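Working notes for the structure below.
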Amino acid sequence: MKIEALTDVGLVRKINEDSYYIHNSDGVHYAIVADGMGGHLAGEVASSMAVSCVREYIDGHPFDDMDVFQVKELLCRAFRYANEKIYQYSCQNESVMGMGTTATMCMVRDGNVIYAHVGDSRAYMIDDNIKQITRDHSYVQELVKLGMISREEAKHHPRRNQITRAMGVEPVVRVDSGVKPYSGQKLLLCSDGLYGEIDDSELCEIVSGTDIKTAAKRLMDMATERGGADNITVIIMEGESE
């Protein structure tokens with residue numbers, strides 16, 4: 001498995017509240033991206049805690065003998081563990097009270113992509129086409145789901161950045177998860193600072209059209225050139241076809 005990751009503060013924000021982690025050794029391949037929110041430094045704390053707590057939980061629970069659906073439940077437990085830790089820390093530290101974060105994770109195992117997700121960071125599967133694996137937990141996504149606005153209208157809606165589910169803001173969080181067949185497609189994980197500036201068709205063209213290192217750099221440059229209004233994180237994973 002090849003994995004390339006980049007993150008940048010963008011052109012507007014003073015602090016990068018995105019965090020990420022990649023694990024690509026010992027036969028274990030996964031990546032996680034988190035996009036924090038809150039007051040001064042709080043978002044950075046929340047996203048960093050999400051990544052570190054998920055990693056800590058997975059490291060402490062061997063899954064060599066688990067099937068993919070048991071691993072899926074392990075990822076959900078890791079997310080719930082991270083949520084609990086962030087929430088407790090927020091309650092105990094007034095300076096970061098109310099902080100939260102998105103979290104999106106993909107693991108490649110036994111010919112499958114196993115994912116867990118909270119918030120509006122995204123995971124895509126890309127070959128000749130692009131498919132969004134995750135579903136945004138956002139206000140505009142609910143409007144799209146209800147048929148009240150189109151996907152195109154959602155891109156420019158004034159409340160497009162309002163999320164409806166985040167890690168760390170409540171004592172318990174509901175985690176979306178799933179398993180999808182995998183045969184070597186490229187996986188793209190990103191914060192909204194990337195897809196907010198670049199359409200899915202452009203993401204597909206760039207990621208499918210070149211090596212993952214070049215693609216990650218091109219995506220980062222394009223999002224920055226188009227305004228860099230938010231922190232930008234991009235992770236691209238590529239495995240061998242089975």
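The values are calculated or read from the model by the stated rules, or taken from the named source; none is laboratory data. Owing to the predicted nature of the structure, the values given are computational and were not obtained by experimental measurement. Cβ coordinates were reconstructed from backbone atoms using ideal geometry, including for glycine residues, and neighbour counts include every protein chain displayed. Side chains included, ligands, DNA and RNA excluded: accessible areas come from the protein's heavy atoms. Shrake-Rupley method; radii C 1.70, N 1.55, O 1.52, S 1.80 Å.
In Å², and per residue, what accessible area does the chain have when probed at 1.4 Å with the other protein chains present?
That works out to 47 Å² per residue.
Could you list, in their original order, any pairs among K85/K186; K85/K217; K85/K131; K14/K72; K14/K131; K131/K217 whose Cα atoms are separated by more than 28 Å?
K85/K186; K85/K217; K85/K131; K14/K72; K14/K131
Could you calculate, for segment 1-99, the ratio of the Cα radius of gyration to the Kirkwood radius, expressed as Rg to Rh?
Details: Rg = 15.0 Å, Rh = 14.7 Å.
That ratio equals 1.02.
At 0.36 nm per residue, and after removing the present C-alpha to C-alpha distance, how many nm does the segment from E202 to D65 gain when stretched out fully?
Details: separation 137, 0.36 × 137 = 49.32 nm, distance 3.95 nm.
Gain on stretching E202 to D65: 45.4 nm.
Can you give the charge dipole size of the chain about its Cα centre, rounded to the nearest 20 debye, using +1 on the beta carbon of Lys and Arg and -1 on the beta carbon of Asp and Glu?
Numbers: 25 positive and 38 negative charges, 109 e Å.
For this selection, approximately 520 debye.
In debye, nearest 20: dipole of segment 1-141 around its Cα centre with unit charges on the Cβ of K, R (+) and D, E (-)?
Details: 12 positive and 20 negative charges, 59 e Å.
Dipole magnitude for segment 1-141 comes out near 280 debye.
In nm, give the distance between the simple-model label positions of E170 and K14, each being 7 Å from the Cα along the Cα-to-Cβ direction.
About 3.3 nm, to one decimal.
Projecting each Cα onto the charge dipole of the chain (Lys/Arg +1, Asp/Glu -1 at the beta carbon, about the Cα centre), which of S208, S25, T104 comes out farthest on the positive side?
Working it through, the farthest residue towards the positive pole turns out to be T104.
Over all distinct Cα pairs, what is the inverse of the mean 1/r for the chain, reported as the Kirkwood hydrodynamic radius in Å?
Numbers: mean 1/r = 0.0559 Å⁻¹.
The answer is 17.9 Å.
Enumerate the calculated ³J(HN,Hα) couplings along segment 201-215 in order (Karplus 6.51 cos²θ - 1.76 cosθ + 1.60, θ = phi - 60°), each rounded to whole Hz, writing x wherever the residue is Gly or Pro.
5, 6, 4, 5, 4, 6, 5, 6, x, 7, 5, 5, 5, 5, 4
Calculate, in nm to one decimal, what L41 and S183 gain on full extension: separation in residues at 0.36 nm each, minus their alpha carbon distance. Can you show the working numbers first?
Values: separation 142, 0.36 × 142 = 51.12 nm, distance 3.99 nm.
Contour length minus Cα-Cα distance gives 47.1 nm.
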